[in-house]
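In what follows, a single structure is set out as structure tokens and then discussed.
Bear in mind these aren't lab numbers, they're just calculated from the coordinates by the rules spelled out. Treat the numbers as computed from the prediction; the structure is a model and nothing was measured. Glycine gets a Cβ as well: all are built from the backbone with ideal geometry, and neighbour counts include every protein chain shown.
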Amino acid sequence: MAARAYWQGQIRLALVSIPVEIYPATKSGAAIQFRQIHEPSGKRIHYEKVVPGVGPVDRDEIVKGYEIAKGNYVLLDEEEIEAVRIESRKTLELVQFVEAHEIDVLYYEKPYFVVPADDLAEEAYVVLRDALRQTRKVGLGQLSARGREQLVSIKPCGRGLVMEVLRYADEVHKAQGYFREIDDIEPEADLLDLATTLIDKKTAPFKPAEFHDRYVDALHRLIEKKSKARGKRILEDVEEPARGTGNVIDLMAALKKSVGESAPTARKRAAKPTPRRKRA
């Protein structure tokens, strides 16, 4: 378990309060960090906090400001910001329950583990967990953390509870704006059958450990080669997949090849494009 909790407080359901601690359920994966280097000297570049006409400044002289007009700021210190009290500061009140499928996948942002703060909290914690599991519902509420109030959901996860931070409505784009130009056409039955056969063939249990960041692996190999090449430039050719012409015959052949069938040779289908409806 992490040494420091992301949030400590209580989950409140009507008159019942459950002391809990919340810990991040995820962590940063493998990544390559680059530094900016001054090439002639080989030394790392650093940045200073500078005020035009004043020069470098100390961190103690820096406060937060909100721009209300061009070049005009309202200055706030940390104590003033901290003094803004929100009722949900140390309390996560479950104000609504919904079916899990009602929350669109676009709204989920980040998961956290919720654990009882002490032995006395376990009984109420287990009752909430099992009640959510039995009713197949997800609890909704808001909590204050890291300078903002977050919309969150609570649901069972194994022997415990998981909290997921949700995006607000104004943070999610409407899908219609992106899918509006897709024509309303009916796919051919044989093409659809081949596609579903391919999906069935590749269906397997989800094992996240089998996937890894191939780009990071390639960067590690490049860095290793570069270190051995004593600064010489190294460029590796990456073979791009061939692109088809996109017509029905190419799609049919590609699908048949994917599911292990041979493409038709004796009898070829006529290259008859699927009619597309006219756009206004």
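Quick notes on this one:
- Region 93-155: trypsin sites (Lys or Arg not before Pro) in DSSP loop, at most 12 other beta carbons within 10 Å: 136, 146
- Anchor residue 155: lysines whose Cα lies under 20 Å away (excluding residues fewer than 8 positions away in-chain): 90, 110, 137
- One chain, two ends: residue 101 and residue 182. Fully extended at 0.36 nm per residue, the span grows by 26.6 nm beyond their Cα-Cα distance.
- Inter-label distance, nm, simple model (7 Å from Cα along the C-beta direction), residue 157/residue 30: 2.4 nm
- Within-14-Å neighbourhood charge of residue 158 [Cβ basis; K, R +1; D, E -1]: +3
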